[in-house]
Amino acid sequence: FYDCYASSDEGVISLSTGEVVVPGYSYYDDIGNGLLTVRNDSYDIGAVDLAGNIVIPFGEYDQIYEYDANGYARVVKGDLYGMVDSQGNLVVPCEYDGFEMLNYGGDYVYGLNGYACVEKAGKYGYVSLATGEVTCPINYAQPTVIGLSMIVPDITGELYIIAADGTAT
């Protein structure tokens, strides 16, 4: 029903067929979207497709996480997170302490309708997945995140809805 992979002396093998699917590398993880993270001889992590084509270069990131239902994967460089799209292109630079998961029709995703909710130094905001730029300032501590909006109180306790594009209601 699904493929499992492992390392062998020849490279990454499919446990379903016993066939070497990606020669020359060690298996690390199946991250979805038809991609596997593998290690080279220097133990650097990269992502390859099942034909062995390098999609995310080795050593570019310290960690590459599984793709979400919308085709975005978190990546880590040093201690900071960024995000790549399904082709391995960096869409959010590795400048954040983390990403907030967003509810998408019962699934949780990191990228939704062109935005991602990011966290830096305990504060939250949104960035554009098209440009990687901040669209809603990262100024909000302990917000209630509901999809592409945050509910936050001001200093008097009045509640505001802050949209991913920065609009406050």
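The values are calculated or read from the model by the stated rules, or taken from the named source; none is laboratory data. A quick note: this is a predicted structure, and the numbers were derived from the prediction, not measured. Cβ: placed from backbone, ideal geometry, glycine included. Neighbour counts: every protein chain shown. Heads up: the accessible areas ignore ligands, DNA and RNA and are worked out on the full protein's heavy atoms, side chains in. Shrake-Rupley method; radii C 1.70, N 1.55, O 1.52, S 1.80 Å.
Cβ-Cβ distances below 8 Å connect the following pairs, each with a first residue in segment 39-55 that is at positive phi, a second residue that is assigned to a strand (DSSP E or B), and a separation of six or more residues or different chains: 52/21; 52/22; 52/23. Is at least one residue of segment 160-169 closer than 25 Å to residue 30 by Cβ, assigned to a strand (DSSP E or B) and open to solvent by less than 40 Å² (accessible area, probe 1.4 Å)? No: zero hits.
Of the strands (runs of 3 or more DSSP E) lying entirely inside segment 1-70, those containing at least 2 residues that are of a type in the set (Gly, Ala, Ser) and either touching a helix residue (DSSP H, G or I) at 6+ places or on another chain (Cβ under 9 Å) or within 27 Å of residue 98 (Cα to Cα) (or both) span 45-49. Within segment 65-78, the set of residues being farther than 13 Å from residue 47 by Cα, among the small types (Gly, Ala, Ser) and open to solvent by less than 50 Å² (accessible area, probe 1.4 Å) comprises 71, 78. Within segment 87-103, the residues that satisfy the criterion of being in contact (Cβ under 8 Å) with a residue 40 or more places away in the chain, open to solvent by 30 Å² or more (accessible area, probe 1.4 Å) and over 10 Å from the mean Cα position of the chain (by Cα) are 100, 103. The residues on offer are 25, 61, and the sole one that is touching a Lys or Arg at 6+ places or on another chain (Cβ under 7 Å), buried (at least 16 other Cβ atoms within 10 Å of the Cβ) and at pLDDT below 95 is 25. For segment 28-57, the tally of residues that are farther than 21 Å from residue 72 by Cβ and surrounded by 14 or more Cβ atoms within 10 Å (Cβ to Cβ) stands at 4.
Residue check: residue 81 meets all listed conditions (1) surrounded by 16 or more Cβ atoms within 10 Å (Cβ to Cβ); (2) in contact (Cβ under 8 Å) with a residue 40 or more places away in the chain; (3) under 22 Å from residue 134 (Cα atoms) but one, namely (2). Of the listed requirements (1) under 11 Å from residue 74 (Cα atoms); (2) aliphatic (A, V, I, L, M); (3) open to solvent by 60 Å² or more (accessible area, probe 1.4 Å), residue 121 misses just one: (1). Taken together, 136, 117, 94 contain a single residue that is farther than 27 Å from residue 46 by Cα, among the hydrophobic types (A, V, I, L, M, F, W, C) and out of contact with any helix residue (DSSP H, G or I) (no Cβ under 7 Å at 6 or more places or on another chain), which is 136.
Within the set 146, 151, the sole residue that is out of contact with any Pro (no Cβ under 6 Å at 6 or more places or on another chain), in contact (Cβ under 8 Å) with a residue 40 or more places away in the chain and more than 27 Å from residue 90 (Cβ to Cβ) turns out to be 146.
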